[in-house]
Amino acid sequence: QIRNPKSHNSVIPSMPVGVEDATSSANITLRVQPHITIATLKEQVFREYGFHPLVQRWIIGQSLCSDGRSLG
């Protein structure tokens, strides 16, 4: 979790994410909300890291997620 600098008591929910392709891998941390959808996360990763949404595949647990699924 990431502390919100604007408020000493609030915590911004975060989620560790493993990112990999055919040649490399990395770990990143995304700020999230329970209602956020996979499609929104794909757009966030595209804006912040440059991975186009069409090449992203999101797996939570052992399940491949559809764009309409939320984290909550």
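Just a few scattered comments:
- Computed lengthening from Ser70 to Arg47, 0.36 nm per intervening residue step minus Cα-Cα distance: 6.4 nm
- Cα gyration tensor shape of segment 14-65, rounded if a/c is under 1.5, else prolate or oblate by comparing a/b with b/c: rounded
- Spin-label zone in segment 13-27 - amide nitrogen under 13 Å from a point set 7 Å from the Cα of Trp58 along the C-beta vector: 15-18
- Highest average packing first - 41-51, 26-36, Cβ atoms within 10 Å: 41-51, 26-36
Bear in mind that the values in this text are calculations on the coordinates, not laboratory data. The structure presented is a predicted model; accordingly, all values stated were derived computationally and were not measured. Cβ atoms come from the backbone with ideal geometry, glycine included; neighbour counts cover every protein chain shown.
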